[in-house]
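The values are calculated or read from the model by the stated rules, or taken from the named source; none is laboratory data. Computed from a predicted model, the values in this text were never measured in an experiment. Because the Cβ atoms are built from the backbone with ideal geometry, glycine has one as well, and the counts that use them run over all protein chains shown.
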Amino acid sequence: MSPARGDGGKIGPELSGSQPPGIAGPFFVTDGYEFLAEAARRMGDLGLAERLFRRALALDERQLPVGHPYPVAAAAGLRMTLEVRQ
């Protein structure tokens, strides 16, 4: 799974997710997409995993600067999913 992201508050409150009790955060909005994508991949639903990783990557690329670690992580998840599909 993708590691918890620690700078969601720097991006803006409208993009930060809420922090569940007892779980380290804050979280970026695309964390949910990546966590679901990873779960789908582990369950063998590679089509769903690919769509979710692509959505996370698109959002990250639109909102974050080039070289930011979040789109890098989403791209890595997508790449691993596509490799398994081959």
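So the check is Cβ under 7 Å with 6+ separation or different chains; which pairs have a first residue in segment 32-57 that's surrounded by fewer than 19 Cβ atoms within 10 Å (Cβ to Cβ) and a second one that's modelled with pLDDT of 95 or more and among the hydrophobic types (A, V, I, L, M, F, W, C)?
L36/L52; L48/A40; R54/L78
Please identify the pairs in which a residue from segment 63-75 that is over 15 Å from E38 (Cβ atoms) has its Cβ atom under 9 Å from the Cβ atom of a residue that is surrounded by 13 or more Cβ atoms within 10 Å (Cβ to Cβ) and of a type in the set (F, W, Y), counting only partners at least 6 apart or on another chain.
Hits for this filter: Q63/F28; Q63/Y70; L64/F28; L64/Y70.
Give me a count of the residues in segment 56-86 that are modelled with pLDDT of 90 or more and either in contact with a Gly (Cβ under 8 Å, 6 or more places away or on another chain) or not in a helix (DSSP H, G or I) (or both).
1
Is at least one residue of segment 45-55 modelled with pLDDT of 95 or more and among the aromatic types (F, W, Y)?
Yes, segment 45-55 contains a residue that is modelled with pLDDT of 95 or more and among the aromatic types (F, W, Y).
Here is a list of conditions, (1) out of contact with any strand residue (DSSP E or B) (no Cβ under 8 Å at 6 or more places or on another chain); (2) at pLDDT below 85; (3) among the β-branched types (V, I, T), and I11 meets all of them except one; can you say which number that is?
Checking I11 against (1) out of contact with any strand residue (DSSP E or B) (no Cβ under 8 Å at 6 or more places or on another chain); (2) at pLDDT below 85; (3) among the β-branched types (V, I, T), the one that fails is (1).
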